[in-house]
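The values are calculated or read from the model by the stated rules, or taken from the named source; none is laboratory data. Please read all numbers here as calculations on a predicted model, not as lab measurements. As a convention, Cβ positions derive from the backbone with ideal geometry for all residues, glycine included, and neighbour counts pool all protein chains shown.
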Amino acid sequence: MKKNIFTKAAAAFALSGVLLAQPLYAAPSMKMKIDGVLQDLEAESIVVEDNLMMNVLQLAKNIGVSIKYSDQSNTVTLSDGKKSMVMSVGSDDVTINQQKLKLPTKAIREDRIFYVPARFVCQTFGFSVSWVEKTRTIVVETGRTELSIVNLKDRVNSDTRVFTYKQGLDTAIANNSSIKNLEDSRDLIEENLEQAEEAELEAYYSNNTVGEIQAKRQIKQLEIEEDNLEENKTKLQDAAELTYRSHLSNIMTAELDLRVLEENIELEKINVKNMTIKNQLGMESDFNLNQAKEQLRQYESQKAATEITVKNARETLNMFLSFSKNTDLFIDYDVKYTPIDNAVDRHIAIQLEKDPDYIMEQREIEYAEYVVDTYDELIGESEIQNENELNRVKRKHLDTENKFTQNVYKTYNSLKQLEEQRRQLEVDYQLNKNNYNKAVTSFEAGQSTIYEVQQLKVQLLKNEADLLKHQFDYDTLKFQYSKPYLIQ
């Protein structure tokens, strides 16, 4: 019969009866790195028969898979969208895509935490797993190009309604009432056009010159209105997409803030715990301990407020897409940072010819010119008034072109400022990443603490969150730059 020995990191120190005033200066008997990030195994792992067992929640978050618990069946399900695995408490049975296999050791629950064999889980999802004997470290490579401490997809489970970006956009456009109203107006325009064509023929055969001119003008105006439907539809669709992107950006920005706060809370809990020990030994003042506790309370308060922000942002998106506000919806929105080129004048020339307002105003000029060309004193209109109207729409067209150019230059300069900010964020990120790697090396040599490593990890997470939030801001502004009529 096998004997299970459960050891949490630092257990040896506790058994020795020695209380340490500082965070523990000793590497755990076994360590784990995921994409270069050292995992805090002291708080989140146990060892069973030489198998590293990790808190399934932490493991799933760090390797980017979804997780779902079932209290009724006492099981946990992990999934990456292509492969799923189901494990049960107290059993070494595992079901992977309906195939039953065996775990190297039983999944267990201790102190309300579900522990699973880390190496087996990582290998199941196709990640590269290796063992470094010198430092007794399991090294996991997921294949992600960036550090990716932040993972916004880990909340997806089997009950989540997952949409691609395009599916969400198509839903937004299909449910847009303004676009529906625009389509409805097409039938009315066509009906009026038929009536105007009949009036023209009637005026022609009855030698009614005034009636014929007026009917032709009405036909011309209705044809322009019909043509303008496409430009107005384009404007409404693009405005809907901008709103859609803004909702997604609001959700992701709030979720990134929430992840950083969660990490800060866990780190501050460790700090308070260490300071409490030192305070009990007379090595830390009550004032400093109370300050640390207050900082923890502030983080927890900020977390509660940010959770409400996330909830409100998700509900707003759901209602925008005409879903119930409580729908568990996830939009797979992957923003890549790609800087714009410097050919702003060429961009203006190309986009101006595509601008819906510019195109519709060109048609307005065509109609005003037609009215001038078809002037007839029998109609009782003023020739000067017709000329003035033509001049007015031409000036309006020129104003639109000038405003268009100014908006594009303004947005171009804003994008270039964001690119400069991006470069500084990348410098800060690389600097902190180097510091983090040095701290990991120092920790592995027994010269620094896991707490010090975790401090730098939290800073690195904040850097990465700042880069991702910057990408959302840049992407939204870049979208407006590509469609300048959306620029406010």
Filter result for residue 224 (more than 29 Å from residue 67 (Cβ to Cβ), in contact with a Phe, Trp or Tyr (Cβ under 7 Å, 6 or more places away or on another chain) and part of a helix (DSSP H, G or I)) | yes
How many residues are surrounded by fewer than 21 Cβ atoms within 10 Å (Cβ to Cβ), touching a helix residue (DSSP H, G or I) at 6+ places or on another chain (Cβ under 8 Å) and without any contact (Cβ under 8 Å) to a residue 60 or more places away in the chain if we restrict to the range 35-67?
-> 1
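So which of 401, 381, 389 ends up being outside any helix (DSSP H, G or I) and acidic (Asp, Glu)? Before the answer, list the steps.
Values: 401 fails: outside any helix (DSSP H, G or I); 389 fails: outside any helix (DSSP H, G or I).
Answer to the check: 381.
Please find, among 272, 260, the residue that is assigned to a helix (DSSP H, G or I), of a type in the set (A, V, I, L, M, F, W, C) and closer than 16 Å to residue 449 by Cβ.
Values: 260 fails: closer than 16 Å to residue 449 by Cβ.
That would be 272, the only listed residue that is assigned to a helix (DSSP H, G or I), of a type in the set (A, V, I, L, M, F, W, C) and closer than 16 Å to residue 449 by Cβ.
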Inspect the range 477-488 for any residue being assigned to a helix (DSSP H, G or I), of a type in the set (Gly, Ala, Ser) and over 30 Å from residue 218 (Cβ atoms) and give the result as yes or no.
-> yes
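Please verify whether residue 469 is of a type in the set (Lys, Arg) and at pLDDT 90 or above, treating the condition exactly as stated. Walk me through it before giving the result.
On the way: of a type in the set (Lys, Arg): yes; at pLDDT 90 or above: yes.
Against the criterion (of a type in the set (Lys, Arg) and at pLDDT 90 or above), residue 469 qualifies.
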Going through (1) surrounded by fewer than 21 Cβ atoms within 10 Å (Cβ to Cβ); (2) under 30 Å from residue 443 (Cα atoms) one by one, residue 70 fails only at (2)
For residue 120, indicate whether it is assigned to a helix (DSSP H, G or I), surrounded by 14 or more Cβ atoms within 10 Å (Cβ to Cβ) and touching a residue at least 12 places away in the same chain (Cβ under 8 Å).
-> yes
Scanning for something at pLDDT 90 or above, crowded, with 16+ Cβ neighbours inside 10 Å and of a type in the set (A, V, I, L, M), does the range 181-188 turn up at least one residue?
-> yes
How many residues does the range 320-368 hold that are surrounded by 13 or more Cβ atoms within 10 Å (Cβ to Cβ), in a helix (DSSP H, G or I) and aliphatic (A, V, I, L, M)?
-> 7
Residue 168: small (Gly, Ala, Ser), closer than 30 Å to residue 84 by Cβ and either touching a residue at least 24 places away in the same chain (Cβ under 8 Å) or part of a helix (DSSP H, G or I) (or both), yes or no?
-> yes
Take residue 294 and decide whether it is assigned by TED's automatic domain parsing to the domain that holds residue 480, more than 30 Å from the chain's Cα centre (by Cα), assigned to a helix (DSSP H, G or I) and of a type in the set (Asp, Glu).
-> no
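Counting only residues that are more than 30 Å from residue 480 (Cβ to Cβ) and without any contact (Cβ under 8 Å) to a residue 60 or more places away in the chain, how many does the range 377-415 have? I'd like the intermediate steps shown before the answer.
First, pick out the residues of the range 377-415 that are more than 30 Å from residue 480 (Cβ to Cβ): 377-391.
Filter once more, so that each one left must be without any contact (Cβ under 8 Å) to a residue 60 or more places away in the chain: 377, 380-391.
Matching residues across the range 377-415 total 13.
Can you tell which of 429, 451 is assigned to a helix (DSSP H, G or I), touching a residue at least 40 places away in the same chain (Cβ under 8 Å), outside the structural domain of residue 135 (by TED's automatic domain parsing) and closer than 30 Å to residue 136 by Cα?
Details: 429 fails: touching a residue at least 40 places away in the same chain (Cβ under 8 Å).
Being assigned to a helix (DSSP H, G or I), touching a residue at least 40 places away in the same chain (Cβ under 8 Å), outside the structural domain of residue 135 (by TED's automatic domain parsing) and closer than 30 Å to residue 136 by Cα holds for just one of 429, 451, which is 451.
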